[in-house]
Amino acid sequence: MARTSWSRVTALIGPAGSGKSELAIALATDAVVARKGGTPHVALVDLDVLKPYFRAREAAQILRAAGVELLAPEGVLAVADLPIIPPTVRGAISRADMRVVIDVGGDPVGARALGSLADVMTAAPHDLLLIISRHRPFAGSFDEIMATAAGLAGASGLKITGVVANTHMMEATTVEDVRWGLDLSRQVATALAVELRLVMIPEGLAEAEELPLDLPPIVIVKRRMTPVFMGGVVLKSSPRGMRQVPGS
Amino acid sequence: MATAQRLLMKGTEAIAEAAIRAGCRHFFGYPITPQNEIPEYMSKRLPQVGGVYLQAESEVSASNMLYGAGGSGVRVMTSSSSPGIALMAEGFSYLCGSEIPAVVVNIMRGGPGLGDIQPSQGDYAMCTKGFGHGDKHAIVLAPSTVQEAVDLMALAFDLADQYRNPCVVMGDGLIGQMMEPVTFPEAPVKVYDKPWAATGKPPTRKHNIINSLYLDPEELERHVYHLFEKYERMRADEQRHETFMLDDAPPVVICAYGTMARIAKTAIRELRKTGVKIGLFRPITAWPFPVEALSGVVQSTKVFLAVEMSMGQMIEDVRMVVGRDRPVKFFGRPGGVIPTVEEIIHQVKLLSN
């Protein structure tokens, strides 16, 4: 895992469904492992003000178990789609001993929420990483990604500092998908004059011999943002029905 | 748009793209969670293909815009979620009465009332039996995967045109929001002759009038009889279903549709591993309910278990088919809570005891 390749405060932007939440969870939990024995805290900020579910906050148990602090709307507000930024976020970004990963909603409206933090972000050592998942709609071509990148960065008031390649088809991902996504990600990184910082590879494919050798640091993705019945954490419910239901 | 044939899409996005590929160029709607990606996608894509996206001032307006545009013969759709669909009910009845093809997508959320924004199947009764006033019906398709949502969207537009009737695609918030790989079929758009459409009067025919007002009761009665001849053809020809692990005539059969059927399939696979003989009957058309196919399963089944993300609505159709010969048990959770694999397994074990 590429634990040295991201700044103390790292915000993840990209079109909806590009893999920001998966990367945020992976980076945050890995940072704890990296700093084991040390004092710094790690926080994951779920800044997704767009989606009703499939948000990083649904991995709360995993994050808690890993020692990551989750900064997200709490209680009943956690299951609303309201534009709420927890008041603790600004403080966390400003703390020199806190590593912070920010998961941003996947369009300019979502990135505007990040824009409201641009002042504290700029004052901190930070990264703004653009994630590219090429099989997603409106994300297949160079022009589409560049237009999206401009919209997202513009709304956030920050400059993109790196690109992450995450082209996949979930369980059906092939090496060819990874390669095809890397091509576009490299083109975009070159055009933005930044580095291709990471490549996300689905668990199970990371050992494939056909993977290109010239890869940037790899993040192995164990998919969490899938429904519970597919092995993920999304829409987990408390077991109430383990008894005979009245009237059945 | 990506040039790749394979795409990774949310159900909502896939539904919107499938509609466009089915020739839909007109969308009228009003935002509501958890289906906002449909209007959002349409607002981006329709202008690219020369179509019209219009956000109405309300759901009632949107459904009446369907009436106007559909009346001119073009392929039209709207989408909403439970409370919004309820608001559209008036226009929906007018579409049925005036025989205007349109596709209505309902991505259901928890109710009643404003409820919540979590996935639910609480609108089965509304969609299949009560969507608007008067004697009428509409075909209701219930996809279980994002790919099936793509396939059923094309079918929905064809059925709407074929029968001159609105067609409903009914999913829950989960299928709307989850991402899965999809491919879009290359099939050409079927074009239906629409001599009834109000497209301007050429000298060769009289005015085409689109109307659902029949003040003379016997004339209205004749019109409703005509509609019901059509609905009888739908009942005869359009029942669709899937069976899963029913080949060895298991004594326990789960009935579930949509996302719930997928969770049930996972439970069935687990139960089969432990030697429990069990299978699934999944309605794909919630209306017309697949009566014929389910009837064929009754003889070999000892007990049915209906599983729904509601307090039990489809179960009434299951009971209607199964009758009193076999028990039909129920498990479901309302309010936008999704029954789990473990809970279903537990309920099946309770049945066996």
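For the protein assembly as shown, the carbon plus sulfur part of the accessible surface works out to 55%, probe radius 1.4 Å.
Of the Cα atoms belonging to region B:257-353, the radius of gyration and Dmax stand at 12.8, 35 Å. In plain terms, the chain from B:Thr274 to B:Glu57 could stretch by 72.6 nm, reckoned as 0.36 nm per residue minus the Cα-Cα distance.
Heavy-atom accessible surface, probe 1.4 Å, ligands and DNA/RNA ignored: which residues of region B:144-188 lose at least 20 Å² versus the isolated chain? Buried by the other chains: B:Leu174, B:Gln177, B:Met178, B:Met179, B:Pro181.
Computed from label points 7 Å out along Cα-Cβ, the spacing between A:Met230 and A:Glu195 is 3.3 nm. Projecting the Cα positions of A:Thr122, A:Gly67, A:Trp180 onto the charge dipole of chain A (unit charges on Cβ atoms of Lys, Arg, Asp and Glu, taken about the Cα centre) puts A:Gly67 furthest along the positive direction. With all protein chains kept in place, the per residue accessible area of region A:129-248 amounts to 44 square angstrom at a probe of 1.4 angstrom.
To the nearest 0.05, what FRET efficiency results for A:Ile220 and B:Asp237 with a Förster distance of 41 Å applied to their C-beta separation? Once the sixth-power term is evaluated, E becomes 0.25. Our estimate of slack between B:Lys190 and B:Arg324, defined as 0.36 nm per intervening residue step minus the Cα-Cα distance, is 43.9 nm. Sorted largest first, the spans of the alpha carbon positions of chain A along the three principal axes are 62, 41, 39 Å. Distant-in-sequence amide contacts of B:Ile254, defined by a placed amide H-H separation under 5 Å and a gap of 5 or more residues or a different chain, comprise B:Gly279, B:Leu280, B:Phe281, B:Leu305. Volume per residue for region A:56-142 equals 134 cubic angstrom (convex hull of Cα atoms). A loss of 50 Å² or more of accessible area (1.4 Å probe, protein heavy atoms, ligands and nucleic acids excluded) relative to the isolated chain is seen in these residues of region A:132-156: A:His135, A:Arg136, A:Pro137, A:Phe138. Between B:Lys349 and A:Ile84, the simple label model (points 7 Å from Cα in the Cβ direction) yields a spacing of 3.7 nm. Residues of region A:198-232 that bury at least 20 Å² of accessible area when the other protein chains are present, relative to the chain alone (probe 1.4 Å, heavy atoms, ligands and nucleic acids excluded): A:Pro227, A:Phe229, A:Met230. With R₀ fixed at 25 Å, the C-beta to C-beta distance from B:Glu229 to B:Ala197 puts the FRET efficiency at about 0.75. All distinct Cα pairs of the protein assembly as shown go into the 1/r average, and the inverse of that average, the Kirkwood radius, is 25.5 Å.
Springs between alpha-carbon pairs under 10 angstrom, Gaussian network model over chain A: which of A:Thr122, A:Thr29, A:Thr167 fluctuates most? Largest GNM mean-square fluctuation: A:Thr122.
Computed with a 1.4 angstrom probe on protein heavy atoms, the A-B interface buries about 3400 square angstrom of accessible area in total. The residues of chain B have, on average, 39 Å² of accessible surface per residue, using a 1.4 Å probe with all protein chains present.
Largest GNM mean-square fluctuation among A:Gly157, A:Gly231, A:Gly67, using chain A with Cα springs under 10 Å: A:Gly231.
The values are calculated or read from the model by the stated rules, or taken from the named source; none is laboratory data. The structure presented is a predicted model; accordingly, all values stated were derived computationally and were not measured. Virtual Cβ from ideal backbone geometry, glycine too; neighbours counted across all protein chains shown. All accessible areas refer to the heavy atoms of the entire protein, side chains included, with ligands and DNA or RNA removed. Shrake-Rupley method; radii C 1.70, N 1.55, O 1.52, S 1.80 Å.
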